[in-house]
Amino acid sequence: MNKYQEFAIKSAVRFDYDRTDKNVSLSSFEWDYKTVTIVQNENYNVKKYNIYLLIAVAEKVEYVLNGQAHIVKESEKNKYLIELDYDNRIEKIKIHFSNGVVDPVEIPIVYVEADMKKYDEKVMAEHKKALEEKANVKVTTGDSIINVTFQPVNDSFSYSKVELYTITGTKVINNKTQNEYQLMAKYKTPEDVYFHSITGLAYGKYAIILVQYDNSNKEIYKSDYILVTLDRPNYSGKPVVTRT
């Protein structure tokens, strides 16, 4: 790009993009007078975006796709809509200035893709949180007893299983201390029953996992470990009940 082209670009060319809905708009957009750089929405399933070239001194505007130039028509006066697609990428925009006072300028488009792993983890976390709120698992304790109550996470719910674990020790993974668990029993709840009581337990530390299934025996929800401690009664003769 020579100094005349650079002057024309900086004085006459602007870009904008559609940002009306952040759920489907670009994460970011940059125009540095040499290159247009777009960053895909965090939802990598969104592939198509609209950007706008704003210029009052263009004789013709083209985009180049697969090496072929195509005319871009004005969508409004001095405004050119350019539709970008991550699956069918326009390589560059070519501006022909009025009266040929400056040689045509080609502006490359750089596509930055979303972090698929990060987005998938976010969606999974949001889905898990929503299920946890619907399941509303509550664990209460008494002397030698653990009570588990819950709600179905959706209409396909058929039955659940309450898994009881004892804590056998700890281990260090990635510099974090984690409990080690040993399965003691699984209790299947009847249809339309949303609680289960486990009795006859010794004092100590336990963990509960609730799993829900649909009519096809497919798992539709599984809780994290819920830690429970059964302590000896205090001096008042009343049991001390603790959920940790």
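At a glance:
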item	result
Residues of the range 88-140 satisfying the condition of being over 30 Å from Ser223 (Cβ atoms) and of a type in the set (Asp, Glu)	Glu91, Asp103, Glu106, Glu113
Residue list for the range 72-109, filter: closer than 19 Å to Asp16 by Cα and β-branched (Val, Ile, Thr)	Val72, Ile82, Ile90, Ile93, Ile95, Val105, Ile107, Ile109
Where Ile95 falls short, out of the listed (1) touching a residue at least 60 places away in the same chain (Cβ under 8 Å); (2) assigned to a loop (DSSP other than H, G, I, E, B)	(2)
Qualifying residue in the range 176-194 (condition: in contact (Cβ under 8 Å) with a residue 60 or more places away in the chain and in a loop (DSSP other than H, G, I, E, B))	no
Pair list, Cβ < 6 Å and 6+ apart or interchain, from the range 98-116 residues that are over 14 Å from Ser28 (Cα atoms) and assigned by TED's automatic domain parsing to the domain that holds Asp87 to residues that are charged (D, E, K, R) and at pLDDT below 95	Ser98/Glu59
Candidate set from the range 208-224 (those that are in contact (Cβ under 8 Å) with a residue 40 or more places away in the chain and within 17 Å of Thr149 (Cβ to Cβ)); member that is surrounded by the fewest Cβ atoms within 10 Å (Cβ to Cβ)	Val211
Among the residues listed as Val64, Val36, Val24, the single one being surrounded by 13 or more Cβ atoms within 10 Å (Cβ to Cβ), of a type in the set (Val, Ile, Thr) and within 23 Å of the chain's Cα centre (by Cα)	Val24
Some residue of the range 129-138 being surrounded by 14 or more Cβ atoms within 10 Å (Cβ to Cβ), within 34 Å of the chain's Cα centre (by Cα) and more than 30 Å from Asp224 (Cβ to Cβ)	no
Selection within the range 141-160 - over 18 Å from Leu201 (Cα atoms) and either of a type in the set (A, V, I, L, M) or surrounded by 15 or more Cβ atoms within 10 Å (Cβ to Cβ) (or both)	Phe150, Pro152, Val153, Phe157, Ser158, Tyr159, Ser160
Criterion (surrounded by fewer than 17 Cβ atoms within 10 Å (Cβ to Cβ), under 19 Å from Val110 (Cα atoms), of a type in the set (Lys, Arg) and touching a residue at least 24 places away in the same chain (Cβ under 8 Å)) met by exactly one of Lys79, Lys47	Lys47
Residue among Glu132, Glu106 that is in a helix (DSSP H, G or I) and not hydroxyl-bearing (Ser, Thr, Tyr)	Glu132
Some residue of the range 27-44 being part of a loop (DSSP other than H, G, I, E, B), of a type in the set (A, V, I, L, M, F, W, C) and without any contact (Cβ under 8 Å) to a residue 24 or more places away in the chain	no
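Results for (1) over 23 Å from Gln5 (Cβ atoms); (2) in the same structural domain as Ile109 (by TED's automatic domain parsing); (3) at pLDDT 95 or above; (4) not in a strand (DSSP E or B), shown as yes or no for each residue.
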{"residue": "Thr20", "(1), (2), (3), (4)": "yes, yes, no, yes"}
{"residue": "Tyr52", "(1), (2), (3), (4)": "no, yes, yes, no"}
{"residue": "Glu62", "(1), (2), (3), (4)": "no, yes, yes, no"}
{"residue": "Leu81", "(1), (2), (3), (4)": "yes, yes, yes, no"}
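The values are calculated or read from the model by the stated rules, or taken from the named source; none is laboratory data. Everything numeric here is computed off the predicted structure, so don't read it as measured data. Neighbour counts are summed over all protein chains in view; Cβ atoms, including those assigned to glycine, are modelled from backbone coordinates with ideal geometry.
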